[in-house]
Amino acid sequence: MGKKARKLGTDFSKGYIPVLLIRFLIPFLLANILNSIYNTVDMIIIGKYAGSVGTVAVSLGGKMLNLFTFLATGLSAGGQVLIAQELGAGQKEELNSSIGTLFSILGILSVVLAVGSIMGAGVILRMLNVPVQSYSQAWVYLVITSAGLPLVFGYNAVCSVLRGMGDSRNPLLFIAVAAVVNLVLDLVLIVICHMGAAGTALATIIGQAIAFGISVVKLYRERDAFCFDFRLSSFCIKREKLITILEIGIPTAAQSVLIGVTQLFMISYVNAFGLVQAAAFGIGDKVITLSNIVTQSVKQAGGSVVAQNLGAEKPWRARQVVRASLFITLLFAGILSVVSLIFPNLVFGLFTEDTAVLAYSQSFMRISAAAYILAALSGSYMTMTLGCGNARLNFISGVLDGIVCRIGFCFFFGLYLNMQVTGFFMGSNLARIAVVLVNGVYYYSGKWMNRKLLVKE
């Protein structure tokens, strides 16, 4: 069993850290690129064939889907870190119950959220001040994607198991297949069948279903190697495992959810400015999301590498991971900032042909250039907080980012200085400075290197 598991995963406690990180990172990066393409294709196609009405509908519906996905990835992060530390400590016998607990809790939560979101779709959209022109399409998009939440949660759960054990290649394969399916269905359902936002939602969910199905089949076929037997009795919640997963997962999820909820709150103000402003904000936000691909990939990959080395009682190697992460993310952010400043119209032009919307491109891209640097710093430092299991720090930084700074900056720039949608976009992105400061101070304090591990002695 050990030899087979080694082939499927990676031992990060040995070898040259930069090389190990890059090798593990590349599949993460490619998977996130494909996942972004997965979602971006929706925006591009809907923008070209349904105009600003469709763009706003998909943008808002996508925000709600992202909010739920934050919960899935946050809780999955708790399982991923626990699994990585158990593997690093050589405690493979603990993996079966850890995996079973993770699957069970995410399965239950996904069903509850799906039912609640479907029943409350109308209320949610009215609270967001959705423009009347986009309301019906936004409602359909939200209902369809909500029905697919168990697939989204299931896929994230399986991938967190694989990544926690050092396997980032298979998740890449899964999302590659899903992205191709999504693209084909987008063309069929939107361009040919003229289904608008409903077609986009169906394409997204069907792609997720295929990714989830393939991932489950892979895990089942290699169940001995991944230390999970798939017995019905294994799909149960072990109290001690649940507590550990939630100790990490809830604060991590809460950080992302707080930011997501605050973002939706801000969007409700932006929507009041009108359809053009709402469309511009949606496109700008999509550009920022795309730019964060490298940062998110480094955070996800680096967190597992840090966790394994801490589990193996090699904190000095964990510090090397953070340093390598900083170099990679800052280099990319610098390049991206230059491109955004030189070619602002080109970037916005990918998503819309509306000249009124394009008028916001230059100011939005100047703001984005600064946001890239902040994202690079925050993501790199969070490899440390994620890997050591200090989710409380993520929660604190999430409160400062998602509530204090984001609301404060948005209201200051958007309303007090009367910059309107541009001010809200600026405040929303500069708020990340809170994450940088909190996590940066913790990193340089060195306390995280001596933090108590999640695994049993």
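The values are calculated or read from the model by the stated rules, or taken from the named source; none is laboratory data. In this text the structure is predicted, and so the values were computed from the model without any measurement. Neighbour counts run over all protein chains shown; Cβ positions are idealised from the backbone, glycine included.
Which one is nearest to GLY74 (Cα to Cα) among residues in region 300-333 that are within 22 Å of the chain's Cα centre (by Cα) and at pLDDT below 85?
GLN300
So which residues in region 392-418 are more than 14 Å from PHE265 (Cα to Cα), crowded, with 17+ Cβ neighbours inside 10 Å and modelled with pLDDT of 90 or more, if there are any at all?
Residue satisfying the conditions is PHE413 alone.
Looking only at region 283-299, count how many residues are of a type in the set (A, V, I, L, M) and within 20 Å of SER76 (Cα to Cα).
Keep residues of region 283-299 that are of a type in the set (A, V, I, L, M), which gives 283, 287-288, 290, 293-294, 298.
With within 20 Å of SER76 (Cα to Cα) added as a condition, the list becomes 293-294, 298.
Residues that pass the stated criteria total 3.
If ASN309 satisfies all but one of (1) over 24 Å from TYR372 (Cβ atoms); (2) out of contact with any Pro (no Cβ under 8 Å at 6 or more places or on another chain); (3) in a helix (DSSP H, G or I), what's the number of the condition it fails?
(2)
Can you give me the number of residues within region 214-271 that are closer than 26 Å to MET382 by Cα and more than 24 Å from the chain's Cα centre (by Cα)? I'd like the intermediate steps shown before the answer.
At the first step, the residues of region 214-271 found to be closer than 26 Å to MET382 by Cα are 240-266.
Still in the list and also more than 24 Å from the chain's Cα centre (by Cα): 240.
Final tally of qualifying residues: 1.
Got a sec? Which of PHE327, PHE273 is more than 21 Å from SER36 (Cβ to Cβ), not charged (D, E, K, R) and not in a helix (DSSP H, G or I)?
Values: PHE327 fails: not in a helix (DSSP H, G or I).
Just one listed residue meets the conditions, PHE273.
So is ALA301 in contact with a Pro (Cβ under 9 Å, 6 or more places away or on another chain) and surrounded by 24 or more Cβ atoms within 10 Å (Cβ to Cβ) or not? Working first, answer last.
Values: in contact with a Pro (Cβ under 9 Å, 6 or more places away or on another chain): yes; surrounded by 24 or more Cβ atoms within 10 Å (Cβ to Cβ): yes.
Here the answer is yes, as ALA301 does meet what is asked.
Find the helices (runs of 4 or more DSSP H) located wholly in region 350-457 whose residues include 2 or more that are within 30 Å of LEU87 (Cβ to Cβ) and of a type in the set (A, V, I, L, M), and list them.
The qualifying helices (runs of 4 or more DSSP H) are 361-388, 391-399, 433-445.
Which members of region 162-177 meet the condition of being crowded, with 20+ Cβ neighbours inside 10 Å and modelled with pLDDT of 85 or more?
Once the filter is applied, which keeps residues that are crowded, with 20+ Cβ neighbours inside 10 Å and modelled with pLDDT of 85 or more, region 162-177 yields only PHE174.
Conditions: (1) farther than 23 Å from LEU82 by Cβ; (2) in contact with a helix residue (DSSP H, G or I) (Cβ under 7 Å, 6 or more places away or on another chain). ALA253 meets all but one. Number of the miss?
(1)
Of everything in region 286-299, what is within 14 Å of the chain's Cα centre (by Cα) and aliphatic (A, V, I, L, M)? Give them in sequence order.
Step one: of region 286-299, the residues within 14 Å of the chain's Cα centre (by Cα) are 286, 288-299.
Within region 286-299, ILE288, LEU290, ILE293, VAL294, VAL298 qualify.
Suppose we filter region 95-111 for residues that are crowded, with 21+ Cβ neighbours inside 10 Å and under 12 Å from LYS241 (Cα atoms); how many remain? So that I can check it myself, show each step before the final result.
Step one: filter region 95-111 for residues crowded, with 21+ Cβ neighbours inside 10 Å, giving 98-103, 105-106, 110.
With under 12 Å from LYS241 (Cα atoms) added as a condition, the list becomes 98-103, 105.
Matching residues across region 95-111 total 7.
How many of the residues making up region 1-32 are in a helix (DSSP H, G or I) and either at positive phi or modelled with pLDDT under 80 (or both)? Write out each step before concluding.
Within region 1-32, the first condition is being in a helix (DSSP H, G or I), and the residues that meet it are 2-8, 17-32.
Still in the running and either at positive phi or modelled with pLDDT under 80 (or both): 2-8, 28, 31-32.
Selection size over region 1-32: 10.
Please state which one of LEU341, LEU346 is surrounded by 13 or more Cβ atoms within 10 Å (Cβ to Cβ), more than 28 Å from TYR444 (Cβ to Cβ) and out of contact with any Gly (no Cβ under 8 Å at 6 or more places or on another chain).
On the way: LEU346 fails: surrounded by 13 or more Cβ atoms within 10 Å (Cβ to Cβ).
Exactly one of LEU341, LEU346 is surrounded by 13 or more Cβ atoms within 10 Å (Cβ to Cβ), more than 28 Å from TYR444 (Cβ to Cβ) and out of contact with any Gly (no Cβ under 8 Å at 6 or more places or on another chain), namely LEU341.
In region 223-252, which residue that is among the polar types (S, T, N, Q) and surrounded by 14 or more Cβ atoms within 10 Å (Cβ to Cβ) is nearest to ILE396 (Cα to Cα)?
The first filter runs over region 223-252 and keeps only residues among the polar types (S, T, N, Q), leaving 233-234, 244, 252.
Cutting the leftovers down to surrounded by 14 or more Cβ atoms within 10 Å (Cβ to Cβ) gives us 234, 244, 252.
Values: SER234: 34, THR244: 19, THR252: 10 Å.
The extreme case among them is THR252.
Can you name every residue in region 54-94 that is among the aliphatic types (A, V, I, L, M) and either more than 26 Å from ILE37 (Cα to Cα) or surrounded by fewer than 22 Cβ atoms within 10 Å (Cβ to Cβ) (or both)?
MET64, LEU67, VAL81, LEU82, ILE83, ALA84, LEU87, ALA89
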